[in-house]
């Protein structure tokens, strides 16, 4: 290596929700740290994930509310959706969040911010191809990889001949699709399906499995299906798309749908069939880091790879791909390196929210997960049509469900399909963290009339 190698105490590759706070924390402790970012500060969450999608979902919610104001006694004209204003509002909020993160990094002492593509060229040595075309070689005893994931593009004949969309490019559409075809009935596909249906598009979902949201309990998948279909979204299960053909109006999907050979035409196509880790360009083999068959970096319970001193955080390591999981990865590494140690990713309870309307709020185990672990459990379930707050506000779709360990009466899981379902699931998450029994919540005093109050009635069903 003829070029000089710059030595640091720590290198952080990727400025996502784990990399950003970690780089700052290391620098604050006096470690000479360098952050390498290939594209935009903030990672998926701020730029192409949580922030932009939830901002646009809010716009779609307003359109839906106006369109259905009559039952509340409010007369309105049919709403007109201005996609350019929707996109501009989204851009303003994304830029505000991104600039805030960028300013924090740039102002931090002992922290250098480099824009470029990083790849390993030797043991704990990386080369960064800068945006200007030059390169820099960096080395550190501690290296943290937070490069995230991207859309997994399926191998379908003709797909490369059409202008398909992914979760990034669909956020830039300034014209409303006439008919949006969506490959994939997971969380990303469902959120975009409802969003664009409420903006005014015709929407069809093609799901390879026999139900949407296949990682959830069957009753959750069933109620979400009913809710989306009632809004006019078409859902085709057991779908196997074999070919995509470009047409004057857009494209046509050909394949087997519920056992029958059919063709479906649309104006736009969204690929939402899964995610893959951003590891290929890193040349991990140069430093001996192990990955699984899909390219996810393998880590232990403390997020360290098989190479001492090299860690992987966030989506790139596989497992649940949520912003709050990435941020907790940061906290685990920080506590183990800079705190009193002992932190582990095994200690956390999985929780997340899918921002359909009503929301799906989740915490702890599903019924399948509880059964797989051999846990004997009881089920508490309450339809939203029996929740006072739901009736008063006109939000009676969905249900609240909690799983209770029969051995100690503690709550071990929650699936909440309701207005603000994520907030109710979070309340039950706190109960799980505190080891409360279901009787304590059943007999608790909550303000009336709130959604939280319905937890009394939920656990009265046991």
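All of the numbers you see were taken from the coordinates with simple rules; none came from a lab. Values in this document were obtained by computation on a predicted structure and should not be read as measured data. Here the Cβ positions follow ideal geometry from the backbone for every residue, glycine too, while neighbour counts run over all protein chains shown.
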For this session: Compute the long axis of helix 187-199 from its Cα atoms, compare it with the longest principal axis of the Cα atoms of the chain, and write down the angle in degrees, 0 to 90, nearest 10.
Result: 60 degrees
For this session: Compute the long axis of helix 323-338 from its Cα atoms, compare it with the longest principal axis of the Cα atoms of the chain, and write down the angle in degrees, 0 to 90, nearest 10.
Result: 40 degrees
Problem set entry | Net length gained if the chain between residue 304 and residue 234 were fully extended (0.36 nm per residue, minus Cα distance) | 20.8 nm
Exercise. Which residues in the range 166-199 place their backbone N less than 16 Å from a point set 7 Å from the Cα of residue 294 along the Cα-to-Cβ direction?
Worked result: 184-189
Exercise. Separation between the residue 134 and residue 243 pseudo-spin-labels, each 7 Å from Cα along Cα→Cβ, expressed in nm?
Worked result: 5.3 nm
For this session: Sketch the reach of a paramagnetic label on residue 76 as a point 7 Å from Cα along Cα-to-Cβ, and name the residues of the range 394-427 whose backbone nitrogen lies under 19 Å away.
Result: 394-397, 419-420
Seminar exercise, completed: Between the alpha carbon centres of the range 194-250 and the range 116-138 the gap in Å comes to 42 Å
Exercise. In degrees between 0 and 90, to the nearest 10, how far off the longest principal axis of the chain does helix 218-230 point, with axes built from Cα atoms?
Worked result: 70 degrees
Seminar exercise, completed: Length-normalised contact order of the chain, Cα under 8 Å, at least 6 apart, in percent, tallies to 13 percent
Problem set entry | Where only alpha carbons of the chain are counted, the Rg and the Dmax (Å) | 23.8, 76
Seminar exercise, completed: The residues 254, 15, 100, sorted from fewest to most surrounding Cβ atoms within 10 Å, come out as 100, 254, 15
Problem set entry | Unit Cα scatterers, Debye sum, the range 110-155: log10 I(q)/I(0) for q = 0.27 Å⁻¹ | -1.11
Problem set entry | Centroid-to-centroid separation of the range 411-460 and the range 3-34 [C-alpha atoms, Å] | 40 Å
Exercise. In whole percent, what relative contact order does the range 351-460 give with Cα contacts below 8 Å and a gap of six or more residues?
Worked result: 30 percent
Seminar exercise, completed: Rounded to 0.05, the calculated FRET efficiency for the beta carbons of residue 446 and residue 263 at R₀ = 51 Å is 0.45
Seminar exercise, completed: Footprinting proxy, 206, 144: sorted fewest to most Cβ within 10 Å, the residues are 206, 144
Seminar exercise, completed: Cα extents of the range 122-255 per principal axis, largest first, Å, are 56, 41, 29
Exercise. Per the Kirkwood definition applied to all pairs of different Cα atoms, how many angstroms is the hydrodynamic radius of the range 235-334?
Worked result: 16.7 Å
Exercise. When 75, 262 are ordered from fewest to most other Cβ atoms inside 10 Å of their Cβ, what list results?
Worked result: 75, 262
Exercise. Based solely on its DSSP helices, what 222 nm [θ] is calculated for the chain when runs of n ≥ 4 H residues each add -39,500 (n - 2.57) and the sum is averaged over all residues, nearest 500 deg cm²/dmol?
Worked result: -9000 deg cm²/dmol
Seminar exercise, completed: Expected unfolding gain across residue 39-residue 457 under the 0.36 nm per residue rule, minus the alpha-carbon gap, is 145.6 nm
Exercise. Can you list the equivalent-ellipsoid semi-axes of the range 351-460, largest first and in whole Å, using the square root of 5 times each Cα gyration tensor eigenvalue?
Worked result: 22, 16, 11
